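Novice: Below you will find the structure I want to go over with you.
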Amino acid sequence: MSHYHRDMARGPDGNSDKPEPFDILLFGATGDLAMSKLMRGIYRRVSAGQIPEGSKVFALARSNLTREQYLERVRESFRTVLPANEFSQQQWDAFARVIDYLPVDATVREHFDALARALAGREGNVRVVFLSLAPKLFTAACANLAAAGIVTPKTRVVLEKPLGQDRRSSDEINRLVGSIFSENQIFRIDHYLGKEAVQNLLALRFGNLLFEPLWRRGRISHVQITVGEQVGVEERGEFYDQTGALRDMVQSHLLQLLCIIAMEPPVSGDADCVRDEKLKVLRALRPIEGADVEVKTVRGQYRAGASGGKPVRGYLEEDGVPRDSRTETFVALKAEVDNWRWAGVPFYLRTGKRMPERIAEIVVSFEKVPHPIFDGERAHRPNRLIIRLQPDESITLCILAKTPGELMRLKTVDLGLHFADTFKERSLDAYERLITDVAKGNLRLFMRRDELDAAWAWIDPIREGWLQSDEPPKPYIAGTWGPAASSALISRDGFTWHGEV
Ligand code: BG6
């Protein structure tokens, strides 16, 4: 059995495939993430019979709610976040049985005594502390957990991104959390790694021989990674304004995607082998600093426009956003990986709110054939591999074929794999999968501290460059693909964004 299979079957710390009984201590249980994704994930796990007997979820938040009132809120949120055909009274009852609610303010030491009492006698269970809180509360929550004697050897802590605001604040959090938990008890979440499609990328690259010989400079001309969102900042204006697209999306999700595309084949599927290879990519990223920031990055901010056929307001009119804010809601940049495999191959990254559609896509563009023998501009279009991560998952290889008829006329056609057509099984959503991984102690899809450090070290100089610049972010109309400068960034190198004419 290969390392990978052994790991898949047992988890790196030797756990069996089904987790042993576990308790989740969910801080921030009334927040947006808990209500939109985490509770739904737990409901689905209960429905799939994957929550072992004797497990419990302690929902924790500041609000003085009873358990019934909390469940009422969850039920209400399910009306929008859970497809109606997934709801059944029987499954709901089974779900409700595992949920408890306790009012706990993460910063108030005394509140943790009530939590410790509720946990008495449950020390044998794995304990998953899920901090769905603002990062500035992480250290208080961990210190209070330790002081109240809640941290057992079987406790694991899940930290939501963004972990800090920069390298320095992230270091501070990591240091404090690291003084209470060992590194293999710390699960730094990047929910993109939990997406089925992202794991499929690993399968595509390392399960097939086909692509490997072509996966390098000389064969690939450039790579584009786009994560577009149709939504604006919704109710998160205040949080978002202190974060911005670079820290909210690029520092985590887009860099992780880049790592998976650019990493060397790991020795095995073991968590540290995979993370070692991702780390090497992050360390090989050429710094963007000083005058380069202006040249290699574009930041934008949306103005009033239209989304999904309806008029929408601009970022500066959103609730919780200062009218003179300079926070970016769009970023496009050119990254370069300075190593043997990727020297000279640009990676263009782009993400934004209020884009025309919700789409996450990686486009790998190959070089042109060295010596064209067919006539016409169309006959020279390079091959492309388009990996669509959402909304629908697909892999499309664009190749040239002859159109039927007398003439030798070439046309780009698609060889496609659409996951929904090929596989009938329902995929787990990201949080559902990641919660299970934490319960099993499987760290493969979580970020190690050195990865995070390397990501911040690359991001910080870009932010510094922006802060020193007199230029505000470039405006773009909601419902468009960002400022014109984004197209200019890539067209300077002779390319265009996929889908752009
Ligand atoms: C989160 C960001 O990490 O990812 C949000 O904080 C963003 O701003 C979200 O909307 C996007 O996730 P998904 O899974 O909807 O692509």
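The values are calculated or read from the model by the stated rules, or taken from the named source; none is laboratory data. Owing to the predicted nature of the structure, the values given are computational and were not obtained by experimental measurement. Positions of Cβ are backbone-derived with ideal geometry, glycine not excepted, and every protein chain shown enters the neighbour counts. Just so you know, the surface numbers come from the protein's heavy atoms only, side chains and all, with ligands and any DNA or RNA stripped out. Shrake-Rupley method; radii C 1.70, N 1.55, O 1.52, S 1.80 Å.
Novice: Can you tell me which residue in segment 234-244 is nearest to residue 465 (Cα to Cα), limited to those that are near the ligand (Cβ under 8 Å from one of its atoms) and open to solvent by less than 10 Å² (accessible area, probe 1.4 Å)?
Specialist: Ranking the qualifying residues of segment 234-244, first place goes to 243.
Novice: If you don't mind, another one. For residues that are basic (Lys, Arg) and crowded, with 16+ Cβ neighbours inside 10 Å, tally how many sit in segment 116-147.
Specialist: 2
Novice: Please find, within segment 271-282, the residue that is least open to solvent (accessible area, probe 1.4 Å) out of those that are of a type outside the set (Val, Ile, Thr) and without any contact (Cβ under 8 Å) to a residue 60 or more places away in the chain.
Specialist: 277
Novice: Continuing with the same structure: Sort out which residues of segment 420-462 are closer than 26 Å to residue 332 by Cα and open to solvent by less than 20 Å² (accessible area, probe 1.4 Å), and write them in order of number.
Specialist: Residues satisfying the conditions are 430, 445, 446, 447, 451, 452, 454, 455, 456, 458, 459, 462.
Novice: Looking at the structure I just gave you, is residue 163 of a type in the set (A, V, I, L, M, F, W, C), open to solvent by less than 60 Å² (accessible area, probe 1.4 Å), within 16 Å of the ligand (Cβ to nearest atom) and under 30 Å from residue 143 (Cβ atoms)?
Specialist: yes
Novice: What's the number of the condition residue 257 fails, among (1) open to solvent by 10 Å² or more (accessible area, probe 1.4 Å); (2) within 16 Å of the ligand (Cβ to nearest atom); (3) at pLDDT 95 or above?
Specialist: Here residue 257 clears every test but (1).
Novice: Six or more apart or on different chains, Cβ under 7 Å: which pairs go from a residue in segment 160-186 that's at positive phi to one that's more than 16 Å from the ligand (Cβ to nearest atom) and β-branched (Val, Ile, Thr)? Could you list them?
Specialist: Close Cβ pairs satisfying both conditions: 164/173.
Novice: Can you report the number of residues in segment 283-305 which are open to solvent by less than 50 Å² (accessible area, probe 1.4 Å) and not in a loop (DSSP other than H, G, I, E, B)?
Specialist: Of the residues in segment 283-305, 11 are open to solvent by less than 50 Å² (accessible area, probe 1.4 Å) and not in a loop (DSSP other than H, G, I, E, B).
Novice: Next question, about the same structure. Within segment 185-208, take every residue that is among the polar types (S, T, N, Q) and at pLDDT 95 or above and give me the one that is farthest from the ligand (Cβ to nearest atom).
Specialist: Among those that are among the polar types (S, T, N, Q) and at pLDDT 95 or above, it is 208.
Novice: Which one is most open to solvent (accessible area, probe 1.4 Å) among residues in segment 323-368 that are more than 20 Å from the chain's Cα centre (by Cα) and among the aliphatic types (A, V, I, L, M)?
Specialist: Going through the qualifying residues, I end up with 343.
Novice: Collect the residues in segment 25-54 that are open to solvent by 10 Å² or more (accessible area, probe 1.4 Å) and outside any helix (DSSP H, G or I), keeping them in residue-number order.
Specialist: 28, 30, 31, 48, 49, 50, 51, 52, 53, 54
Novice: Name, by its number, the condition in (1) open to solvent by less than 20 Å² (accessible area, probe 1.4 Å); (2) over 14 Å from residue 193 (Cβ atoms); (3) within 16 Å of the ligand (Cβ to nearest atom) that does not hold for residue 262.
Specialist: All conditions pass for residue 262, except number (3).
Novice: So which of 268, 252, 325 is part of a helix (DSSP H, G or I) and touching a residue at least 40 places away in the same chain (Cβ under 8 Å)?
Specialist: 252
Novice: Taking the criterion of being more than 18 Å from residue 347 (Cβ to Cβ), open to solvent by less than 40 Å² (accessible area, probe 1.4 Å) and within 15 Å of the ligand (Cβ to nearest atom), would at least one residue in segment 209-230 satisfy it?
Specialist: No, there is no match, as no residue in segment 209-230 is more than 18 Å from residue 347 (Cβ to Cβ), open to solvent by less than 40 Å² (accessible area, probe 1.4 Å) and within 15 Å of the ligand (Cβ to nearest atom).
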